Amino acid sequence: MTQKGLAPILIVLILAALVGGFLVYQNQSKPASVPTTLVTQPSPTPDETANWKTYKSACGFSLQYPTDYQILEQTPDCLSPLHSDYGGEIIKEGMLISSDNRKTMILTILVNIKPKTQNFSEVINMYYKQYFSTEEERKVININGLQAVKSKVSKYVQGDNTPGDGQYVLIKKDEKLYLFMISTDEGRLDIWDQILSTFKFLP
């Protein structure tokens, strides 16, 4: 084949090499694709207490409660004892009841404004005979940084002789004792747990 016949073939080969080299360079210069991971954010848990009413006590605390519950017999001043007993001077701070004529829950709040002892262990023992059940059914808990004791009342029977659950919570702050006495339908202490989670002392 003559040199003139080879020239077009060489030109085609050179062009093919240049194009191929360019394509290889382009592929190498592209950043490696990183697979995208879709992160699903968990849905926020709705706050069931957000629209509840607020119970403010003259004895220096507040808690929230369902909008259809009612307050009864709330003391206006936290100064006048209901009675004095072996434990000190007791004020009946108030009552909170469910809207179904007290069937779902009754909460009675007592405040001991002058307890005869300030030692928390002695306080528990002092109330043990009158209010608390067996030692296995009570436990020391923490509420707003303060020691408290929660006690389950076993074999609780409501006023209409239906089975129910009962619980007492005792909190000591400064020189006062706060006793919450709860009775509910059987298996409905979850309502009280929600109310207790909103409890706080006022500044």
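Considering ILE91, ILE141, the condition of being surrounded by fewer than 17 Cβ atoms within 10 Å (Cβ to Cβ), β-branched (Val, Ile, Thr) and at pLDDT 75 or above is satisfied by ILE141 alone.
Can you find even one residue in the range 53-63 that is modelled with pLDDT under 85, touching an Asp or Glu at 6+ places or on another chain (Cβ under 8 Å) and assigned by TED's automatic domain parsing to the domain that holds VAL153? Within the range 53-63, none of the residues are modelled with pLDDT under 85, touching an Asp or Glu at 6+ places or on another chain (Cβ under 8 Å) and assigned by TED's automatic domain parsing to the domain that holds VAL153.
Yes/no matrix, rows are residues, columns are (1) at pLDDT below 85; (2) farther than 20 Å from ALA50 by Cβ; (3) of a type outside the set (Lys, Arg); (4) not assigned by TED's automatic domain parsing to the domain that holds LEU96:
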{"site": "PRO163", "(1), (2), (3), (4)": "yes, yes, yes, no"}
{"site": "GLY166", "(1), (2), (3), (4)": "yes, yes, yes, no"}
{"site": "VAL169", "(1), (2), (3), (4)": "no, yes, yes, no"}
{"site": "PHE180", "(1), (2), (3), (4)": "no, yes, yes, no"}
{"site": "THR184", "(1), (2), (3), (4)": "yes, yes, yes, no"}
{"site": "LEU189", "(1), (2), (3), (4)": "yes, yes, yes, no"}
{"site": "ASP193", "(1), (2), (3), (4)": "no, no, yes, no"}
{"site": "SER197", "(1), (2), (3), (4)": "no, no, yes, no"}
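The values are calculated or read from the model by the stated rules, or taken from the named source; none is laboratory data. Here the structure is a predicted model, which means the values were calculated and not measured. When we count neighbours, we look across all protein chains shown, and the Cβ atoms used for this are built from the backbone with ideal geometry, even at glycine.
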